[in-house]
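The values are calculated or read from the model by the stated rules, or taken from the named source; none is laboratory data. Small disclaimer: the values here were computed from a predicted structure and weren't measured. Here the Cβ positions follow ideal geometry from the backbone for every residue, glycine too, while neighbour counts run over all protein chains shown.
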Amino acid sequence: MTNTPYAVWHGLTPMGPHLRENGPDLFLVSGTDSHLVDAAGRRYLDARSSMWNVTLGYSCEPVKRAMTSQLDLLPSGTVLRYEHPPQVTVDYAEALVAVLPAPLRHVRFGNTGSQMTESAAMLSRFYRRMTGETDRHTVIALHEAYHGTGPLATALTDEPILHDYSAPIDAHVVHVSTPPPVSCDPATCTGECVRPVIEAVEAVGAERVTAVMFEPVSGTSFRPAPPHYLETLIVECRRRGIHSIADEVTTGAGRVGAMTYIERLTEVPDMLVLGKGLSAGYFPLAALVVASDIYDALADPPVRLGFPNGSTTDGHPVGAAAGLAVLGILTADDFFTRVRRRAAELVEMLMVAAKSEPRIGAVRGTGMMLGVELHDADGQLWSLRDVSALRGMCREYGLLTSYSIGVMPLLPHLTVTANDCRELVERFVKAVAALRP
Ligand SMILES: Cc1ncc(COP(=O)(O)O)c(C=O)c1O
């Protein structure tokens, strides 16, 4: 220890109370496969894939090799303007759109999910400016949404406390505070499921709404939106000339046992945001993928102006090389089938554990994006504070997790072994038992 003050200012953490309540945090020094080692030499199973992004574990040699080769070949570059783009970035964009549903065919690269959700909303507004619908500014987002932070991303995120303390924020964002339904049967659906969204659109005036943004699986409740609900939402938006934007920063690139959640829908949204797993967390990489008609409409704008949005390191060749290598892994050898099978095994192990620990309830989620319900004796779901305490106990038992309201998020690497899953459940159950008052 030195006397130098702690130099990192962490976002989203009030440092004083955090340090007083939890003491200094563990510092991680190395990682292999699903495990991490801290500065004191303790070993942890990572059940939250760093920040849900390290989808292929910490020893993914093909991705490391692709990145180091790219460092030797062309270590930097940009697609900020159309000015000598790196070849590998162009190749990556072509490979990426080839595995996404048509007409999502054009990629704007960025570094973070927040940057790209903002970019999506800004692009929707820019489109309106260019096509003469100048009254359309409002973006509608859903209950419990997390779309990142930033002037517009914070506004899109449904966390009132963030809004209060980031004020003033973009005033043209409206949240629909009714959660999406838990189920929606196409055979009996009357369209009522999307009524709250349509009512929000009508309250603003459809001619003033530019886009609706949604997460297919809430990263707060871990409830997947029913496919038919999302299909109806997309159709109803289209009917009113409103862009639909799927935020798959977490769900995309394999997390739900498929390249995207939206590929199971019969309707394709106008824009798709990807991030986190695109590079398996080995490089800051995110993407906004846009339908051809939006790209075509802006290719020859009335004013000679490109979409005014971008940063120096967008489309960085090392990130593109990582992305290409990840895509190679995701699309080979029935990768997604294996992810879904392993996820089903993990859920089964959790259900068995629930039989001997009544506080462990149902498992929500899909693929390797799971949320385990935690109940009090009277059936009440745990508070955020209680789940956070369990997270601390998990850490004591060598298991790193996130936390949410009423559920313990479990998002291990997509490549976890059956042994890893057994270890995860064992440690989790021990931590729950140790928390007994
Ligand atoms: C659905 C969703 N959108 C956007 C973001 C923001 O991404 P980033 O943290 O890379 O800015 C996140 C991050 O957790 C997310 O889960």
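Whenever a residue of the range 416-435 is assigned to a helix (DSSP H, G or I), its partners that are surrounded by 15 or more Cβ atoms within 10 Å (Cβ to Cβ) and polar (S, T, N, Q), lying with C-beta atoms within less than 6 angstrom and at least six residues away or across chains, give the pairs 420/34. Considering the range 285-404, the qualifying strands (runs of 3 or more DSSP E), each wholly inside and each with 2 or more residues that are in the same structural domain as residue 264 (by TED's automatic domain parsing), surrounded by 13 or more Cβ atoms within 10 Å (Cβ to Cβ) and in contact with a Ser or Thr (Cβ under 6 Å, 6 or more places away or on another chain), run over 286-291. Residue 110 passes every criterion in (1) touching a strand residue (DSSP E or B) at 6+ places or on another chain (Cβ under 8 Å); (2) touching a residue at least 60 places away in the same chain (Cβ under 8 Å); (3) over 19 Å from residue 322 (Cα atoms); (4) of a type outside the set (S, T, N, Q) apart from (3).
Scanning the range 229-263 for residues that are under 21 Å from the mean Cα position of the chain (by Cα) and within 19 Å of residue 188 (Cα to Cα) yields 229, 230, 231, 233, 234.
Going by what's in this entry, would residue 182 be described as within 25 Å of the chain's Cα centre (by Cα) and either more than 19 Å from residue 238 (Cβ to Cβ) or free of Cβ contacts under 8 Å to residues at least 40 places away in the same chain (or both)? Yes; evaluated as a whole, the condition is true for this residue.
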